[in-house]
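First up is the structure itself, then whatever we jot down about it.
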Amino acid sequence: MRVEVVLAWSRRYQAVTVELPPGACVADALKAAAMDEAGQATGIAVFGVNATPQTLLHEGDRVELLRPLLIDPKDARRRRAAGP
């Protein structure tokens, strides 16, 4: 099965498509993708839904490596709502 592993950070984007056997999990995809910056990720998601290394994958899934948050999302919304 084909799975895409994506690292999309503020100024970097990398996508690797890997071929995995049926029954593979997120950890298998990360190992096959061999991305140098994968260790800096603070979380993993499959199509935007939180995942663990043991999460089973399906044909066409997109594994996303999540970057650390620079600011709390609630604080960011409050600042935008407050205006300039």
**Complete:** Restricting attention to the stretch 46-78, the residues that are farther than 17 Å from Tyr13 by Cβ and surrounded by fewer than 10 Cβ atoms within 10 Å (Cβ to Cβ) number exactly 9
**Request:** Give the stretch 1-15 a look and list any residue that's closer than 22 Å to Leu70 by Cβ and not in a strand (DSSP E or B), or say none.
**Result:** Ser10, Arg11
**Fill in**
If we keep only residues of the stretch 23-45 that are hydrophobic (A, V, I, L, M, F, W, C) and over 15 Å from Ala8 (Cα atoms), then the residue modelled with the lowest pLDDT is Ala34
**Positions within the stretch 66-83 being in contact with a Ser or Thr (Cβ under 9 Å, 6 or more places away or on another chain) and modelled with pLDDT of 80 or more, in sequence order** = Leu66, Arg67
**Message:** Given (1) modelled with pLDDT of 90 or more; (2) in contact with a Ser or Thr (Cβ under 6 Å, 6 or more places away or on another chain), identify the lone condition not met by Pro53.
**Reply:** (2)
**Message:** Looking at the stretch 38-45, can you tell me whether even one residue there is touching a strand residue (DSSP E or B) at 6+ places or on another chain (Cβ under 8 Å), of a type in the set (Val, Ile, Thr) and surrounded by fewer than 16 Cβ atoms within 10 Å (Cβ to Cβ)?
**Reply:** yes
**Fill in**
Taking the stretch 16-73 and keeping only residues that are charged (D, E, K, R), without any contact (Cβ under 8 Å) to a residue 12 or more places away in the chain and not in a helix (DSSP H, G or I), one is left with Asp72
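The values are calculated or read from the model by the stated rules, or taken from the named source; none is laboratory data. Keep in mind that this is a model prediction, so the values were computed, not measured. Don't worry about glycine lacking a Cβ; one is built from the backbone with ideal geometry, like all the others, and counts go over all protein chains shown.
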